[in-house]
Amino acid sequence: MNDKQTGINDKQTEMNDKQIGIFDSGVGGLTVMAAIARQLPRERLVYLGDTARLPYGTKSAETVSRYAVQATRALMRFDVKLIVVACNTASAVALPVLTAALAPVPVIGVVEPGARAAVAASRSGHIAVIGTEGTVRGGAYVRAVHALKPDARVEQKACPLFVGLAEEGWTEGDVPERVATRYLHDVFDGAGEKPDTLVLGCTHFPVLTQPIARAVGAGVTLVDSAQTTAEEVARLLDEKDLRRRGAAAAPIFLATDAVERFARVGSLFLGRTIDPAHVELVDLAP
């Protein structure tokens, strides 16, 4: 092997060894991080939760886009090779802005992978989507589903209280049961044909799977975009020959506020304990 070829190989190894940056408005995106870690155990991951400014779902598209750019720029200081927008609201309204701002670093959102999973799961083509007010108002899931299946029937429902329940760790018991029933009764208990597939269109919602499943009843498939997003990340890394070949590495956690709370509640979403001493507090002010 000549010196030129050695240099090319060294440069490729350096590219492959870069980190994958993941961000969300809070801890919900840790469900996506967990799925990526299972799918790609050798990859180095850095996660940022913008806990000082959550929730994004009640804010304007302009504000969410500004916050998303600030969050991803903070991740870029880790010399990342890929950004994953593990926030449905930011994916719905800010993806074009982020793609332009971060080029040539590729950016993956969670909406399109979730829509693909929903279309694949639905037998009738009647799909429901629950999310934040911002995600529902933007209609990104409706567009993404119709791009794949133009004759699909898509119903949306904003469920903003689910975010607060998830962030508080109230995932079981009377309160989440009542909230889920109140939100979903009109969609799934009406006289007409009910959807056979429900997209959990917010990364906070998977921890509320049990009360949501009981509220919608049997025969409804719940779609969590975390796994399909992880599969999309793997596909893109393979396409660009960017998979890391080294040993597994410890993830990096960043939060913009309440480090202790991030670690405590985030452990529920990640599926393993996060040591607050290993969470870095960052300031995203421009």
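Remarks
- Cβ-Cβ contacts under 6 Å between residues 6 or more apart (or on different chains), taken from a first residue in region 150-171 that is assigned by TED's automatic domain parsing to the domain that holds Val265 to a second residue that is surrounded by fewer than 21 Cβ atoms within 10 Å (Cβ to Cβ) and in a helix (DSSP H, G or I), are absent.
- Flag if Gly139 is surrounded by fewer than 17 Cβ atoms within 10 Å (Cβ to Cβ), under 17 Å from the mean Cα position of the chain (by Cα) and closer than 26 Å to Leu236 by Cα: yes
- Residue match in region 93-106 (condition: under 22 Å from Ala166 (Cα atoms) and in contact (Cβ under 8 Å) with a residue 24 or more places away in the chain): no
- Residue in region 71-85 that is surrounded by the most Cβ atoms within 10 Å (Cβ to Cβ), counting only those that are among the basic types (Lys, Arg) and in contact with a Leu (Cβ under 9 Å, 6 or more places away or on another chain): Lys81
- Any chance Val179 is in contact with a Leu (Cβ under 6 Å, 6 or more places away or on another chain) and either surrounded by fewer than 18 Cβ atoms within 10 Å (Cβ to Cβ) or not assigned by TED's automatic domain parsing to the domain that holds Ser267 (or both): yes
- All positions within region 240-265 that are modelled with pLDDT under 95 and among the acidic types (Asp, Glu): Asp241
The values are calculated or read from the model by the stated rules, or taken from the named source; none is laboratory data. The model shown is predicted, which means the values in this text are computed figures rather than measured ones. No Cβ is skipped: glycine too gets one built from the backbone with ideal geometry, and neighbour counts run over all protein chains shown.
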